[in-house]
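Taking it in order: structure first as structure tokens, then the write-up.
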Amino acid sequence: MRTGYALIILTALTAAFLLARKTQKGLSLQPMEKFGIGLGAFMGAMFGAKLPFLFDNWESFLNGTAWFSDGKTILTGLVGGYLGVEIAKWSLGVQTRTGDSFVLPVAVAIAIGRLGCFYAGCCYGQPTTLPWGIVFRSVDEIPRHPTQLYESLFHLAAAIVFWRLAANNQFPGQRVKLYIISYAVYRFFSEWLRPEARMYGYLTGYQLASLAIVALFCWLWWRDVRRSQALVVGAAART
């Protein structure tokens, strides 16, 4: 079981690496800058993906075992990857916009990676009577929503949509924000199909995080638009 899961994850990472080389080919970056930004993305994503589980169990956080447990989440992993890239760019003095180049590789990697979750029988959904319900025998004998496959299809569709947006140069500089916002919205609604613990207002922790992420990245988008408008006004004033 673990070998099959590892092979699927390795396939996802390989696909992301090969696609990133293609999508970042036109960026005006030196090889070491690309390496630093890629490392920042990876480290930020890994830290972000583990963060909810670190706070969920303080004892495992303090003794260090939480870092080596299986628990991780894509939702905060995406945010961590975004922040990791921004920190790496700041430390390297890189001004080039790079976010859009990560969308296609990440979407394809997650689409493949969620197949690993399906194979391993984790991240399953609520019981269902729908004909495509799947019995995960490691859990029980009840057909459940294959939420791993739903999410895999979401990211595959996102990869196609954002590939077309990039080809038509739509939402330049903001596609990565749009992708993260879209996924947070998806996770908010798909959480109703997952057996997660309900917290404030009958919402799960992931739903609350989704709302916060949508608000954060809408603000970041608005901030970028305001900065761009200020630059245009400043340039016009100097002519």
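The values are calculated or read from the model by the stated rules, or taken from the named source; none is laboratory data. What you are looking at is a predicted structure, and each value in this text was computed from that prediction instead of being measured. Cβ atoms come from the backbone with ideal geometry, glycine included; neighbour counts cover every protein chain shown. Only protein heavy atoms, including side chains, enter the accessible area calculation; ligands, DNA and RNA are left aside. Shrake-Rupley method; radii C 1.70, N 1.55, O 1.52, S 1.80 Å.
One residue is enough: does segment 127-142 have a residue meeting the conditions within 19 Å of A45 (Cα to Cα) and at pLDDT below 95? No: segment 127-142 contains no residue that is within 19 Å of A45 (Cα to Cα) and at pLDDT below 95. Any residue at all in segment 185-195 that's within 17 Å of A111 (Cβ to Cβ) and in contact (Cβ under 8 Å) with a residue 40 or more places away in the chain? The answer is yes, given that some residue of segment 185-195 is within 17 Å of A111 (Cβ to Cβ) and in contact (Cβ under 8 Å) with a residue 40 or more places away in the chain. Within segment 83-142, being of a type outside the set (A, V, I, L, M, F, W, C), surrounded by 14 or more Cβ atoms within 10 Å (Cβ to Cβ) and assigned to a helix (DSSP H, G or I) holds for G84, E86, K89, D100, S101, P105, G113, R114, G116, Y119. Candidates in segment 163-181 are the residues that are open to solvent by 40 Å² or more (accessible area, probe 1.4 Å) and small (G, A, S); of these, the one that is nearest to Q24 (Cα to Cα) is A166. Applying a threshold of 7 Å to beta carbon distances and a minimum spacing of six or more residues, or different chains, the list of pairs starting in segment 196-221 at a residue that is in contact (Cβ under 8 Å) with a residue 12 or more places away in the chain and ending at one that is outside any strand (DSSP E or B) and open to solvent by 70 Å² or more (accessible area, probe 1.4 Å) reads T204/A197; G205/M199.
Restricting the search to segment 1-24, which residues are at pLDDT below 85 and of a type outside the set (S, T, N, Q)? Selection gives M1, R2.
Taking segment 210-226 as the search range and keeping residues that are open to solvent by 70 Å² or more (accessible area, probe 1.4 Å) and more than 19 Å from T76 (Cβ to Cβ), which one is modelled with the lowest pLDDT? Per the criteria, the residue is R226. From Q207, Q229, grab the single residue that is closer than 22 Å to I110 by Cβ, at pLDDT below 95 and part of a helix (DSSP H, G or I). Exactly one residue qualifies, and that residue is Q207.
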